Amino acid sequence: MTSELLVYIDGEYYPKSQAKISVYDHGFLYGDGVFEGIRAYNGLVFKLKEHVDRLYRSAHAITLKIPLSKEEMAQAVIETLRKNKMKDSYIRLIVSRGIGDLGLDPRKCPKASIIIITDTISIRAGNAAETGVTAMFSWVRRNPVDATTHEIKSLNYLNSILAKIEANANGVDEAICLESNGVIAEGVGENIFIVKEGELLTPPTSTGALAGITAQVVTELCKRLGLKLTTADLTPFMVFTADEAFFTGTAMEVIPIREVNKRVIGEGKPGPITKKLVAEFHKEIAKSTNGTKI
Ligand code: PMP
């Protein structure tokens with residue numbers, strides 16, 4: 001028996017230290033592939049169906065044929081968690097174009113590779129939900145919708161990484177990515193919401209932002225709580241002058257933003273609507289109707 005985590009690769013399980021892919025895999029050579037980040041909380045995989053559906057939509061957009069049905073894929077995720085006896089996990093589901101030659105032509109890759117990692121993630125300070133995070137607008141413009149758009153959750157994340165490098169260099173927690181015309185797209189791996197005079201605003205996915213599953217949960221919560229939420233182009237000015245702002249994402253969860261480019265947002269601490277949504281989000285996580293049992 002090994003105490004190492006097991007990683008699923010193409011139907012087999014390998015200890016983490018031996019979980020390796022070919023250097024000829026086009027996911028590695030060219031970023032040719034798609035992925036999902038999913039969380040399991042207390043024995044329930046949160047919104048598994050929604051994540052699997054999005055994975056298949058991303059794959060369809062890049063003409064990547066996944067050699068498993070959606071049901072088999074969901075089952076493989078559950079099985080990997082069971083094998084690792086994990087009730088709480090951050091799951092990384094990757095489908096790469098597979099092994100080819102050194103040319104980029106995807107036709108050279110006869111079979112997509114599926115990788116499932118069930119591990120944990122730590123991308124923010126533990127008290128960020130109470131204190132909020134700092135952020136800055138990055139000079140790196142988001143890939144436009146007619147390029148490697150972030151509507152596709154592809155393995156091309158250099159755009160986000162460049163923005164994150166800038167945030168790191170400036171000593172702030174997160175970066176906010178703008179479209180080429182200057183309107184706000186999203187965070188590096190999160191969607192963004194602002195609150196102004198009791199109403200919420202979030203950018204449309206036509207900015208090339210990913211249709212976030214956490215954002216969808218927040219949208220449903222707003223409906224249930226009777227909060228007005230509008231999808232609209234947001235400018236940096238609108239963010240600077242918002243009463244509240246927050247990010248949403250699977251890894252990040254729902255996290256208040258307290259400062260952007262050194263401008264204090266609202267009171268500089270989580271506002272009442274953000275706090276309410278953070279609390280309600282955590283209730284959603286625990287509901288069996290939102291999860292698939294491990
Ligand atoms: N935008 C991008 C670019 C992302 O990578 C993510 C993380 N998947 C999100 C937004 C948030 O999406 P979700 O809530 O589905 O995790």
Once you have all Cα-Cα distances for region 160-294, histogram them in 5 Å bins from zero and send the whole-percent values. 2, 10, 21, 24, 22, 12, 6, 3, 1
Mind listing the phi-derived Karplus ³J(HN,Hα) values for region 109-123, rounded to whole Hz, using 6.51, -1.76 and 1.60 with θ = phi - 60°, and x for any glycine or proline? 10, x, 9, 5, 9, 10, 10, 10, 10, 10, 9, 10, 9, 9, 10
Evaluated over region 108-220, the Cα radius of gyration and Dmax, each in Å: 15.6, 55
Counting only helical runs of four or more DSSP H residues, what would the 222 nm mean residue ellipticity of the chain come to if each run contributes -39,500 (n - 2.57) and the total is spread over all its residues? -8500 deg cm²/dmol
Rounding to the nearest 10 and keeping the result within 0 to 90°, find how far the Cα-based axis of helix 70-83 lies from the longest principal axis of the chain. 90
Check: C-alpha center region 20-51 vs C-alpha center region 128-180, spacing in Å is 20
Given a cut-off of under 8 Å on Cα pairs at least six residues apart, what relative contact order in percent is computed for region 128-285? 26
Of 160, 193, 227, which is farthest along the charge dipole of region 128-285 in the positive direction, counting Lys and Arg as +1 and Asp and Glu as -1 at C-beta? 227
For region 136-199, averaging the sequence separation of alpha carbon pairs under 8 Å that lie six or more residues apart and dividing by its residue count, the contact order in percent is 35
For 63, 214, write out the residues from largest to smallest accessible area, computed with a 1.4 angstrom probe and no ligands counted. 63, 214
Could you work out Rg/(2.2 N^0.38 Å) for region 6-119, with Rg from alpha carbons only? 1.04
Between helix 272-286 and the chain: long-axis angle, C-alpha atoms, 0 to 90°, nearest 10: 30
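Just need the relative contact order of region 217-278 here, percent rounded to a whole number, with Cα pairs under 8 Å and 6+ apart.
28
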Return one number: the angle in degrees, 0 to 90 and rounded to the nearest 10, between the long axis of the Cα atoms of helix 213-225 and the longest principal axis of the Cα atoms of the chain. 40
Sulfur and carbon atoms: percent of accessible area, the chain [1.4 Å]: 55
Ordering 28, 281 from largest to smallest accessible area (1.4 angstrom probe), what's the sequence? 28, 281
For the chain: span of alpha carbons on each principal axis (Å, largest first): 53, 41, 32
Per residue value of the accessible surface for the chain (all protein chains in place, 1.4 Å probe), Å²: 47
Got a sec? What order do 240, 35 fall in by accessible area at 1.4 Å, biggest, i.e. largest, first? 240, 35
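The values are calculated or read from the model by the stated rules, or taken from the named source; none is laboratory data. Keep in mind that what you see is a predicted model, and the values were worked out from it rather than measured. Reconstructed Cβ throughout: ideal geometry from the backbone, glycine too, with neighbour counts over all protein chains shown. These area figures cover heavy atoms from the full protein model, side chains too; ligands, DNA and RNA do not enter into them. Shrake-Rupley method; radii C 1.70, N 1.55, O 1.52, S 1.80 Å.
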